[in-house]
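Trainee: Dropping the structure in here first, questions after.
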2 protein chains.
Amino acid sequence: MKSTRIVLASRPTGTPEPENFRTETVELPAPGEGEALLETLYLSLDPYMRGRMSDAPSYSPPVAIGGTMVGATVSRVLESRDAAVRSGDIVLGYGGWQTHSVEPIRQLRRLDPAAAPVTTALGVLGMPGFTAYSGLLTIGRPKSGETVVVAAATGPVGSAVGQIAKIQGARAVGIAGGPQKVALLRERFGFDAAIDHRAPDFADQLAAATPDGIDVYFENVGGAVLDAVLPRLNEYARIPVCGLIAGYNATALPEGPDRLGLLMGMILRKSLTVRGFIQREFAAEQFPAFVEQMPQWLADGRVRYLEDVVEGFDHTVEAFQGLLVGKNVGKLVVHVAD
Amino acid sequence: MKSTRIVLASRPTGTPEPENFRTETVELPAPGEGEALLETLYLSLDPYMRGRMSDAPSYSPPVAIGGTMVGATVSRVLESRDAAVRSGDIVLGYGGWQTHSVEPIRQLRRLDPAAAPVTTALGVLGMPGFTAYSGLLTIGRPKSGETVVVAAATGPVGSAVGQIAKIQGARAVGIAGGPQKVALLRERFGFDAAIDHRAPDFADQLAAATPDGIDVYFENVGGAVLDAVLPRLNEYARIPVCGLIAGYNATALPEGPDRLGLLMGMILRKSLTVRGFIQREFAAEQFPAFVEQMPQWLADGRVRYLEDVVEGFDHTVEAFQGLLVGKNVGKLVVHVAD
């Protein structure tokens, strides 16, 4: 079986460009014992992938030059060498940026297409949804009446953070880029306040939208949004840090003055908790509760989601470039095959 | 009864200077119902007092211009208007920088001079000791075999942090300024490694002393020590932040580049927990355990302490200036009266 794949041709400096990638078609090996041959139906595109393109120290090793870009996939089983999955099953795997893959079956999760659209396994019912759920409930711990702020709030993490915060009785303030997304925050996701970070008076709008300060800031963007949030934080505020997309394409530190000590001083004076996390840390303990609870919230209409489906594997690189500047609206997936 | 007191004459810019203070002698009012008239025996000098001289936003309001500088005191009761304390009792209070005070009796804690030297109520058995105990055990949570690093390690907080870390089975690395203090860290406090932050190769020495990285950094200084610690932190490291003395006299942010985003990136990539705290947050829950356990550790010789006693109330300002640049060795107290 042949697979068409996108490999990392060189490490991007700043914005990833088409020349940083190369499309190849290779013959896949036959699946061995405990493996399956899969056809990719949907490929997930997520901000963390920018980190894998870089060889700066990180929580996961980088993709090698010439290696296939990694990524979660929803796939159809074409051939299985283990009774756990059968030909024709739809599974969640980690096939990467390619049309076909051979994967260890123990790393696959069977999906029930009758229970929910299979793409939700890449978004609201998958890693992004669990990132929101575990980070907000374990680190953020919003109490009833508190104010929760999240940016990239139409995205799969941010929209889930806001809606789960509401379920906890908190006030949810969402930040997004552009009037269309801001309207979605209020109308589709039920945020109590929605702010456009591109507005010239963004910091003033944020202050007006958080009259009682901010108790939880779910950090997934960094940059100018963080700058506006910091002075609004209340004593004992919690900041789960799951991403800093605003800086992912940066090639140098911003010009001074150096505010590292300023941030430490705020952490001290306000008794802040700033806690970085990757959702897998909480998987063993909380994923079972998540897969129980989140589908119910979806069924009840208490959590809604948006997907941005790009048609065709050959648009993958362009779609990923757009993700880093917020062109997608909702969870970005590439539709590779039917 | 007359009291001689040191009031804040003006807010210091940078290092507090003698002209920022004024010594006055005033007639105290007679103690009212529920109050006591006290004679200060020992005045505690602590880094947090620098914050009270400034009107920048903080966790406590500043001392007013013309107001008496605040501070914990060990005092003798001269006159009591409540049965809870009697004339002649020795009490821990918050009399401030003055020779006599009138204080609400419910804010006083009676001390037993037979149980421990009364000055320990200002240090190892008081606020600094409890800062170390609560911050290390609640936020730092060192596990057996982990590496704990603390600076200002001959001070009352740092020395307690190192020794409590050892009791938990962790490896304790202490940082101090100058060879005399470094020798004390090993010989008196039993740190596993001791480093002089004034050494030109300080960062290299810290790396050599932390071959398995750093799991807990108890932050009380900031500045160059923090810079050297950051790259040594392990995944899931915890940073209780109780002070940043290196920056307390700063009048402007340091020159760039701006490393605020760099720090956030480290927090993300290493899943760090950075948590500011003031010991009073933990007092209700943990002070009872502390007053039970810490005296036992002292009695067992598992925790030792050093005091730096300055003779005479008129040396208070000079002693406080020295504290901010590390001239004291151990807990700094002013001996005001016998």
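Trainee: What average number of partner chain Cβ atoms lie no more than 10 Å from the Cβ of the residues making up A:229-235?
Mentor: 1
Trainee: Collect residues whose amide H, placed 1.01 Å from N in the peptide plane, falls under 5 Å from the amide H of A:Val310; neighbours closer than 5 in sequence don't count.
Mentor: Long-range HN contacts for A:Val310: A:Val333, A:Val334, A:His335.
Trainee: Rounded to whole Å and sorted largest first, what semi-axes of the equivalent ellipsoid does the C-alpha gyration tensor of chain B yield via the square root of 5 times each eigenvalue?
Mentor: Values for chain B, descending: 35, 23, 17 Å.
Trainee: Additional query: Hey, for B:Ala9 with labels 7 Å out along Cα-Cβ, what do the inter-copy distances come to in nm, ordered shortest first?
Mentor: Going from nearest to farthest copy, the values are 7.3 nm.
Trainee: Report the residue of chain A with the smallest Cβ-to-axis distance, using the rotation axis that brings A onto B, in whole Å.
Mentor: A:Gly256, 1
Trainee: Hey, for B:Gly178 with labels 7 Å out along Cα-Cβ, what do the inter-copy distances come to in nm, ordered shortest first?
Mentor: 6.2
Trainee: Also, quick follow-up: In chain B, which longest range has no chymotrypsin sites (Phe, Trp or Tyr not before Pro) that are both DSSP loop (not H, G, I, E or B) and surrounded by at most 16 other Cβ atoms within 10 Å? Kindly include the intermediate steps, with their values, before the conclusion.
Mentor: On the way: sites that count: B:Tyr59, B:Tyr94.
By the stated rule (loop sites, at most 16 other Cβ atoms within 10 Å), B:95-338.
Trainee: Suppose a student asked you for the relative contact order of the stretch A:240-338, using Cα pairs under 8 Å spaced at least 6 residues apart; what percent would you report?
Mentor: It rounds to 25 percent for the stretch A:240-338.
Trainee: Whole-Hz ³J(HN,Hα) for each residue in the stretch B:55-65, computed from phi via Karplus 6.51 cos²θ - 1.76 cosθ + 1.60 with θ = phi - 60°, x for glycine and proline: what do you get?
Mentor: 9, 5, x, 8, 6, 9, x, x, 5, 5, 4
Trainee: What residues qualify as long-range amide H neighbours of A:Glu79, i.e. H under 5 Å apart, gap of 5 or more or another chain, H built at 1.01 Å from N?
Mentor: Answer set, sorted by chain and number: A:Leu37.
Trainee: When the chain is fully extended, how far beyond the present Cα-Cα distance does A:Ser87 get from A:Asp227, taking 0.36 nm per residue of separation?
Mentor: Full-extension gain reported as 45.3 nm.
Trainee: Let me know the charge dipole size of chain A about its Cα centre in debye, to the nearest 20, where only the beta-carbon of Lys, Arg (+1) and Asp, Glu (-1) is charged.
Mentor: Dipole size: approximately 660 debye.
Trainee: Could you work out [θ]222 nm for chain B from helices alone, using -39500 (n - 2.57) per DSSP H run of at least four and dividing by all its residues? Round to the nearest 500 deg cm²/dmol.
Mentor: Taking each H run of at least 4 residues, the total per residue is -7500 deg cm²/dmol.
Trainee: Work out from phi, with θ = phi - 60° and the Karplus expression 6.51 cos²θ - 1.76 cosθ + 1.60, the ³J(HN,Hα) of each residue of the stretch B:108-121, listed in order in whole Hz, and give x for Gly and Pro.
Mentor: Result, rounded to whole Hz: 9, 10, 5, 10, 9, x, 7, 7, 7, x, 4, 5, 5, 5.
Trainee: Answer with one residue from B:Val310, B:Phe277, B:Pro57: the one whose Cα lies farthest towards the positive end of the charge dipole of chain B, charges on Cβ with Lys, Arg +1 and Asp, Glu -1.
Mentor: It is B:Phe277.
Trainee: Determine the shape class of the stretch B:127-276: with a ≥ b ≥ c the square roots of the Cα gyration tensor eigenvalues, call it rounded for a/c under 1.5, and otherwise prolate if a/b is greater than b/c, oblate otherwise.
Mentor: Rounded, since a/c falls under 1.5.
Trainee: Going by a ≥ b ≥ c, the root eigenvalues of the Cα gyration tensor, does the stretch A:57-137 fall in the rounded group (a/c under 1.5), the prolate group (a/b larger than b/c) or the oblate group? The partial results should precede the final answer.
Mentor: Details: a/c = 2.11, a/b = 1.10, b/c = 1.92.
It comes out oblate by the Cα gyration axes.
Trainee: Among rounded, prolate and oblate, which fits the stretch A:225-323 when a ≥ b ≥ c are the square roots of the eigenvalues of its C-alpha gyration tensor, a/c under 1.5 means rounded, and a/b larger than b/c means prolate? Walk me through the numbers before you get to the answer.
Mentor: Numbers: a/c = 2.40, a/b = 1.28, b/c = 1.87.
Verdict is oblate for the stretch A:225-323.
Trainee: Of chain B, which part is the longest with no GluC sites (Glu not before Pro) in a loop (DSSP not H, G, I, E, B) and with at most 11 other C-beta atoms within 10 angstrom?
Mentor: In short, B:34-254.
Trainee: Would you mind computing, in nm to one decimal, how far apart the modelled labels at A:Ala284 and B:Val26 are, each placed 7 Å from Cα along Cα→Cβ?
Mentor: 6.0
Trainee: Roughly what would the spin-label model give for A:Asp314 and A:Lys327, points 7 Å off Cα along C-beta, in nm?
Mentor: Going from the A:Asp314 label point to the A:Lys327 one covers 1.7 nm.
Trainee: So for chain A, averaging the separation of alpha carbon pairs under 8 Å that are six or more residues apart and normalising by length, what relative contact order in percent results?
Mentor: The normalised contact order for chain A reaches 17 percent.
Trainee: Taking H as built 1.01 Å from N, whose amide H comes closer than 5 Å to the amide H of B:Val70, not counting residues under 5 places away?
Mentor: So B:Val70 has HN proximity to B:Trp97.
Trainee: Let me ask you something else. At B:Phe287, with labels set 7 Å past Cα in the Cβ direction, how many nm apart are the copies from this one, shortest first?
Mentor: Output for B:Phe287: 4.5 nm, nearest copy listed first.
Trainee: In sequence order, what are the phi-derived ³J(HN,Hα) couplings for the stretch A:30-40 according to the Karplus relation 6.51 cos²θ - 1.76 cosθ + 1.60 with θ = phi - 60°, rounded to whole Hz, with x for glycine and proline?
Mentor: Each residue's phi maps through the Karplus curve to give 5, x, x, 3, x, 10, 9, 9, 10, 10, 5 Hz.
Trainee: Sticking with this one: If you average over every viewing direction, what projected area does the convex hull of the Cα atoms of the protein assembly as shown give, in nm²?
Mentor: Details: hull surface 132.8 nm².
The number I arrive at for the protein assembly as shown is 33.2 nm².
Read-outs throughout are calculated quantities, based only on the coordinates presented, and are distinct from any laboratory measurement. The model shown is predicted, which means the values in this text are computed figures rather than measured ones. Don't worry about glycine lacking a Cβ; one is built from the backbone with ideal geometry, like all the others, and counts go over all protein chains shown.
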